[in-house]
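To start, the structure itself, in structure tokens.
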């Protein structure tokens, strides 16, 4: 089993796959005329429009749900892992890949809207739906849904809860088992309440979490402001090695694209 996982990991993290993802993101950026720049104003306006209904969630609730998996543990563990593997130059590639990957994320979200369906009074959609209805590959849609279920139910929560438990133990000396139990209870209460409770919880928690993360980052930068020019210079000077590109791509995947 371990040999199979190692072989599969070698394929999924191989250079060709990373180049394909970058190429697709660049292609979408060109085809959409770099919408990630052109539509910044509209993005901000739409963020606070739309209302929650029995069938779906509001724009801001959808944003909060999306950000909940990207701000916090992912940023800390993902960035640290990237720099550990690729050095300071990985930061540059995280910037570049995030910019290019924004076009891929936009296209994926658009397809999810186009091919969503209403089931049991609520909207359902996502990659599995548009793979089946858009491309017509039901077998691949089922495979994707199964892989996503394993990733989102076991793998990703395991990585994030482990990072949280390790951080809490390091900061407060609380054993990981207690932190893990607390996470399970809170997460279970939210998830079993359905998408509405998930959206409401994300709306309450994520904005404060994101603002706190940003403010803390700004404070750290200000406290070390004299080092900033050297850090920026080091990032760009170290950016064009293969290790740095790999590290940036690794962080991109850990951050959920």
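The values are calculated or read from the model by the stated rules, or taken from the named source; none is laboratory data. No experiment lies behind these values; they were computed from the predicted model shown. Cβ: placed from backbone, ideal geometry, glycine included. Neighbour counts: every protein chain shown.
Does residue 165 satisfy the criteria of being assigned to a helix (DSSP H, G or I), out of contact with any strand residue (DSSP E or B) (no Cβ under 6 Å at 6 or more places or on another chain) and modelled with pLDDT under 90?
yes
Those residues that are at pLDDT 90 or above and either under 19 Å from the mean Cα position of the chain (by Cα) or surrounded by 11 or more Cβ atoms within 10 Å (Cβ to Cβ) (or both), I need them from the range 208-223; list them, please.
Result: 221, single match.
Any chance the range 210-221 includes a residue that's out of contact with any helix residue (DSSP H, G or I) (no Cβ under 7 Å at 6 or more places or on another chain) and outside any helix (DSSP H, G or I)?
No, because not a single residue in the range 210-221 is out of contact with any helix residue (DSSP H, G or I) (no Cβ under 7 Å at 6 or more places or on another chain) and outside any helix (DSSP H, G or I).
Kindly list, by first and then second residue, each pair from a residue in the range 196-225 that is on the phi < 0 side of the Ramachandran plot to a residue that is modelled with pLDDT of 85 or more and assigned to a helix (DSSP H, G or I), limited to pairs with Cβ atoms under 6 Å and residues at least 6 apart or on different chains.
From residues that are on the phi < 0 side of the Ramachandran plot, the pairs are 197/190; 198/190; 201/190.
For the range 122-157, enumerate the residues that are under 18 Å from residue 195 (Cα atoms) and either touching a strand residue (DSSP E or B) at 6+ places or on another chain (Cβ under 9 Å) or touching a residue at least 60 places away in the same chain (Cβ under 8 Å) (or both).
Result: 122, 123, 124, 125, 129.
Any idea which of 99, 85, 106, 92 is modelled with pLDDT of 90 or more and closer than 23 Å to residue 213 by Cβ?
Within the list 99, 85, 106, 92, the selection yields 99.
Those residues that are part of a helix (DSSP H, G or I), at pLDDT below 85 and under 14 Å from residue 94 (Cβ atoms), I need them from the range 224-257; list them, please.
Residues satisfying the conditions are 243, 244, 245, 246, 247, 248, 249, 250, 251, 252, 253, 254.
Residues 135, 154, 191, 205: which one is within 21 Å of residue 75 (Cβ to Cβ) and either under 20 Å from the mean Cα position of the chain (by Cα) or surrounded by fewer than 13 Cβ atoms within 10 Å (Cβ to Cβ) (or both)?
The unique qualifying residue is 205.
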